[in-house]
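If you scroll down you'll find the structure; I have some questions about it.
Every number here is computed from the coordinates shown, using simple stated rules; none is lab data. As the structure is a prediction and not an experimental result, all values here were calculated from the model. Cβ atoms come from the backbone with ideal geometry, glycine included; neighbour counts cover every protein chain shown.
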Amino acid sequence: MNMWNRDFVHEHYPTQLRDLLVAGRDGALSVRSAPRPEVMGQPVVIDNCDFGWVAVWASEMGDGETRKAC
């Protein structure tokens, strides 16, 4: 998306990072997990790959500081 709608991506990137990432005391960043869906009253344990996609996104944006902290 950065290639075809650069202005939009650069405008929203800082806000989305703030909403997605949680800073640890040691400077490491974690991705806030999305609420888990329930099936028959039990939470479904899934890996929605958020961490991997945030790392790829930071790399695509040239945000080496965030990429290294993830």
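Show me the ranking of peptides 58-67, 19-28 by mean Cβ neighbours inside 10 Å, starting with the highest. It would help to have the intermediate numbers written out before the result.
Details: 58-67: 14.0, 19-28: 10.2.
In decreasing order of mean packing, 58-67, 19-28 become 58-67, 19-28.
Now for a different question. How do the peptides 35-45, 2-12 rank, highest first, by the average count of neighbouring beta carbon atoms within 10 Å per residue?
Numbers: 35-45: 8.0, 2-12: 10.4.
Ranked by mean Cβ neighbours within 10 Å, highest first: 2-12, 35-45.
Go ahead and estimate [θ] at 222 nm for the chain from helices alone: -39,500 (n - 2.57) per DSSP H run with n ≥ 4, summed, over the residue count, rounded to 500.
Numbers: 3 runs with 32 residues, N = 70.
That comes out to -13500 deg cm²/dmol.
For Cα pairs less than 8 Å apart in space and 6+ apart in sequence, what is the mean separation divided by the residue count of the chain, i.e. the relative contact order in percent? Write out the running numbers ahead of the final one.
On the way: 46 pairs, mean separation 17.2, N = 70.
Contact order relative to length: 25 percent.
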